[in-house]
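Just so it is clear, none of the values below were taken in a lab; they were calculated from the coordinates. Model, not experiment: these values are computed from the prediction. Cβ atoms come from the backbone with ideal geometry, glycine included; neighbour counts cover every protein chain shown.
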Amino acid sequence: MAKQIKQIAIYGKGGIGKSTTTSNLSAALSDMGYKVMQFGCDPKADSTNTLRDGTYIPTVLDLLREKGQVKAEESIFQGYNGIYCVEAGGPAPGVGCAGRGIITAVQLLKQQHVFEDLDLDYVIYDVLGDVVCGGFAVPIREGIAQHVFTVSSSDFMAIYAANNLFKGIKKYSNAGGALLGGVIANSVTSPYQRSIIDDFVEKTQTQVMEYIPRSITVTQSELSGKTTIEGAPDSEQAKVYRALAKRIDEHTESKTPNPLDSQQLKEWAAKWAEQIIAVEKGEITSQAAGI
Ligand SMILES: Nc1ncnc2c1ncn2[C@@H]1O[C@H](COP(=O)(O)OP(=O)(O)OP(=O)(O)O)[C@@H](O)[C@H]1O
Ligand SMILES: [Mg+2]
């Protein structure tokens, strides 16, 4: 019997740390002995460059435009520890749906049975924050990914994007869409940031997979074109990424989340604003505020 390939999609607000987290996750899973493919779905096509010494690879859509027809293997490049890297790419700026690259690239790889032929254990899609364009919803809608994880900080706009993603997942969940594995809390350093995320996951009936601190090690590694796993394998930050990989590897049951409606989200945010102000003014202790 063919082995089950675990397909994971990572979503999150623009600039929140999706590609950084995804690349470190791929690197850590590959160090655990798994065969991993990282599939960049962003038209910017910069998902996989820290797996390849800071270099960029041609995208599936670029190759199609250039040659008319593409063999799947021409669009697959190997990076750190043999990780397979693919970038879907996008249409020429300002023309067409930016999500088309994902649809085209996924079709190409599926038609040519690439996942099975490469004997992959993991395919990790590094997607985008908003699911407004049909193409970006493909990994969820078509059930291509089994598990969705969202990268979020405790900033309201990141949580707002995560909540919108939850709405998208819920919408497609009855039609065989991907379900939610949990939240990867990125750039969480202080206790109040942790409390805000903890409260949000509780209200939306999901979970935090790992708390990833903001760290200069990530910046240093990125500047030398590497993931933290490769560039600073003995660092505390690398340990955190390895813990995330272990947690995701052990994860089996994803669920339909319970997104907040706009009124609930507004009230939730207002409550946190009051708590933080009250603590700052010394009206309540941080402990009492759950901070
Ligand atoms: N935990 C962290 N510590 C320090 N820097 C971080 C951390 N996470 C992400 N960054 C930095 O934040 C910047 C944005 O990260 P990244 O490119 O991964 O975000 P993204 O969500 O993929 O962005 P986009 O939406 O543009 O694709 C990068 O320079 C990255 O190094
Ligand atoms: Mg990115």
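Among 82, 111, 27, which residue has its Cα positioned farthest towards the positive end of the charge dipole of the chain, with +1 placed on the Cβ of Lys and Arg, -1 on the Cβ of Asp and Glu, and the dipole taken about the Cα centre?
Highest projection toward the positive end goes to 111.
Given the options 248, 223, 140, identify the residue whose Cα lies farthest towards the positive end of the charge dipole of the chain (+1 on Cβ of Lys, Arg; -1 on Cβ of Asp, Glu).
Highest projection toward the positive end goes to 140.
Enumerate by residue number the trypsin sites (Lys or Arg not before Pro) in segment 195-242 meeting two conditions: DSSP loop (anything except H, G, I, E, B), and at most 16 other Cβ atoms within 10 Å of the site's Cβ.
Numbers: sites: 203, 214, 226, 239, 242; in loops: 214, 226.
Of the trypsin sites (Lys or Arg not before Pro), the ones in loops of segment 195-242 whose Cβ has at most 16 other Cβ atoms within 10 Å are 214.
Roughly how many nanometres apart are two label points built 7 Å out from the Cα toward the Cβ at residue 234 and residue 119?
Reported label-point gap for residue 234 and residue 119 is 3.4 nm.
What does the convex hull of the Cα atoms come to per residue for segment 1-122, in Å³?
Value for segment 1-122: 107 Å³ per residue.
Loop-only check: which trypsin sites (Lys or Arg not before Pro) in segment 8-86 are DSSP coil with at most 12 other Cβ within 10 angstrom?
71
Evaluate Rg over Rh across segment 6-258, taking Cα atoms for both radii and Kirkwood's formula for Rh.
With Rh from the inverse mean 1/r over Cα pairs, Rg/Rh is 0.94.
Take the alpha carbon atoms of segment 38-94, find their center, do the same for segment 3-22, and report the distance between the two centers in whole angstrom.
Between the Cα centre of segment 38-94 and that of segment 3-22, the gap is 16 Å.
On full extension of the chain, what length is gained from residue 110 through residue 155, given 0.36 nm per residue of separation minus the C-alpha to C-alpha distance?
Going from the current span to full extension adds 12.5 nm.
Could you check the spin-label model distance between residue 286 and residue 56? Points 7 Å from the Cα along Cα→Cβ, value in nm.
Inter-label distance under the simple model: 4.2 nm.
Would you mind getting me the FRET efficiency between residue 252 and residue 223? Use the beta-carbon distance for r and R0 = 35 Å, nearest 0.05.
0.45
Which links in 67/110; 170/255; 3/226; 110/255; 110/170 stretch past 21 Å when you go from one Cα to the other?
Flagged as over cut-off: 3/226; 110/255; 110/170.
List the residues whose amide H sits under 5 Å from the amide H of residue 40, counting only those 5 or more places along or on another chain, with H placed 1.01 Å from N in the peptide plane.
Placed amide hydrogens put 86, 87, 88, 126 under 5 Å from residue 40.
Taking only DSSP H segments of four or more residues, each worth -39500 (n - 2.57), what value at 222 nm results for the chain once the sum is divided by all its residues, to the nearest 500 deg cm²/dmol?
Estimated from H runs of four or more residues: -12500 deg cm²/dmol.
Roughly how many debye, to the nearest 20, is the charge dipole of segment 6-258 about its Cα centre, given +1 on each Lys and Arg Cβ, -1 on each Asp and Glu Cβ, and no other charges? Present the calculation step by step, with values, prior to reporting the outcome.
Numbers: 24 positive and 28 negative charges, 132 e Å.
In total the dipole reaches around 640 debye.
Whole-Hz Karplus ³J(HN,Hα) for segment 214-227, in order, using 6.51 cos²θ - 1.76 cosθ + 1.60 and θ = phi - 60°, x for Gly and Pro?
6, 9, 5, 4, 5, 4, 4, 5, 4, 5, 9, x, 10, 6
Determine, for each peptide in 258-271, 189-202, the mean count of other beta carbons within 10 angstrom over its residues, then list the peptides with the highest first.
Top of the packing list down: 189-202, 258-271.
Subtracting the Cα-Cα distance from 0.36 nm times the residue separation, let me have the gained length for residue 3 to residue 274 in nm, one decimal.
Taking residue 3 through residue 274 to full extension adds about 92.5 nm, to one decimal.
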